[in-house]
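Step one of this worksheet: look at the structure below.
The values are calculated or read from the model by the stated rules, or taken from the named source; none is laboratory data. These numbers were taken from a predicted model, which means no experiment stands behind them. Don't worry about glycine lacking a Cβ; one is built from the backbone with ideal geometry, like all the others, and counts go over all protein chains shown. Keep in mind that these areas ignore ligands, DNA and RNA; they rest on the heavy atoms of the full protein, side chains included. Shrake-Rupley method; radii C 1.70, N 1.55, O 1.52, S 1.80 Å.
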Amino acid sequence: MKVAVVFPSIAFREGPERVLDLARAIEDMGYDEIAVFDHVVMGHPGKGRTTIYPAKMPILEALMLLSSVAAVTTRVSLATEVLVLPQRQPVLVAKQVSTLDTLSGGRVRLGIGVGWQDSEYDALEEDFGTRGKRMDEAIDLLRTYWAGGRIEFAGEHYQSHDMGMEPVSPQGAALPLWIGGDSPAALRRVARAGDGWMASGVSDERALEAVAEIRRRAEEEFERDPDAIGMQLMLAPPPRTEADKGFYGDLDLIGERAAVVAALGFDWTSVNATAVFQAGARSVDAMIERLGEIAARIRAETG
């Protein structure tokens, strides 16, 4: 089972060089991937708005952060967990991700989702109500551009006529595209077009139900080999309560949980380094120390 670290934007408070120190350390510890989450802006609470995180939550832009990480690492893969694709212009995303893949030597794994924050869509002047349909179309558009050559794409929401986008990156149209979410539409999306599923905030029972549904639909509806679709389960959901914040403070609990995730058959798991910070590792040095301990415990429990 491969292990990603979801990078903590909070590291920037100690300066840009410490952000890069943390990225280097994560690679040196033997983790397989550095992943980043995506929000461009956060809405303040208001009538009719969906809010989960405070508007003052510090967030570095996902693709810009990954480009900096790429420059100081050589081995780890670089991922989004997940990029909110329908709130971004997809041709521009195709170019940004292709460039990141080119300059990192083919290390990108793109995780995408439809998101949940209506006010963020409003601020970016994109339609929240059509995000699912545009997501499906944008997936095909990304792969069309990544394949290179002369581009023709005619969709309901996106059009590209007689275009080109060079250079083609090392992975090209085979760049791994993993999809988050556990709604029926999201699971169908994985079955149709995903290289993998990124699960977060679901019970083990729900995760296994979703895996079974993805595999069944891939084979029966889309004539795909279900074994070709990877599966990822976050080690622990983002903390919502004070009790949740204690998870990464208990190495025994971390080891037990890693063993369970591996036994459930998942190819990937991810460690939320922001939650490591919330559990008491309140500096970059402390996060490095704790992430090293977590990596050792996960290896000991899962081989």
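Summary of computed values
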{"read-out": "Residue satisfying all of: in the stretch 216-246; among the basic types (Lys, Arg) and outside any helix (DSSP H, G or I); modelled with the highest pLDDT among these", "value": "224"}
{"read-out": "Residues (hydrophobic (A, V, I, L, M, F, W, C), open to solvent by 30 Å² or more (accessible area, probe 1.4 Å) and touching a residue at least 60 places away in the same chain (Cβ under 8 Å)) located in the stretch 262-272", "value": "262, 264"}
{"read-out": "Residue 53, sole failed condition from (1) modelled with pLDDT of 95 or more; (2) within 30 Å of residue 292 (Cβ to Cβ)", "value": "(1)"}
{"read-out": "Residues within the stretch 273-296 that are within 13 Å of residue 247 (Cβ to Cβ) and open to solvent by 20 Å² or more (accessible area, probe 1.4 Å), tallied", "value": "6"}
{"read-out": "Residue 136 being open to solvent by 30 Å² or more (accessible area, probe 1.4 Å) and in contact (Cβ under 8 Å) with a residue 12 or more places away in the chain", "value": "yes"}
{"read-out": "Every residue from the stretch 232-259 that is exposed (fewer than 15 other Cβ atoms within 10 Å of the Cβ) and either hydroxyl-bearing (Ser, Thr, Tyr) or more than 21 Å from the chain's Cα centre (by Cα) (or both)", "value": "241, 242, 243, 250, 252, 253, 256"}
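Conditions (1) crowded, with 20+ Cβ neighbours inside 10 Å; (2) assigned to a helix (DSSP H, G or I), marked per residue:
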residue: 39; (1), (2): no, no
residue: 46; (1), (2): no, no
residue: 50; (1), (2): no, no
residue: 67; (1), (2): no, yes
residue: 75; (1), (2): no, no
residue: 92; (1), (2): no, yes
residue: 95; (1), (2): no, yes
residue: 106; (1), (2): no, no
residue: 111; (1), (2): yes, no
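Condition check ((1) within 14 Å of residue 175 (Cβ to Cβ); (2) not polar (S, T, N, Q)) across all residues:
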site	(1), (2)
67	no, no
73	no, no
77	yes, no
81	no, yes
89	no, no
92	no, yes
97	yes, yes
105	yes, yes
110	yes, yes
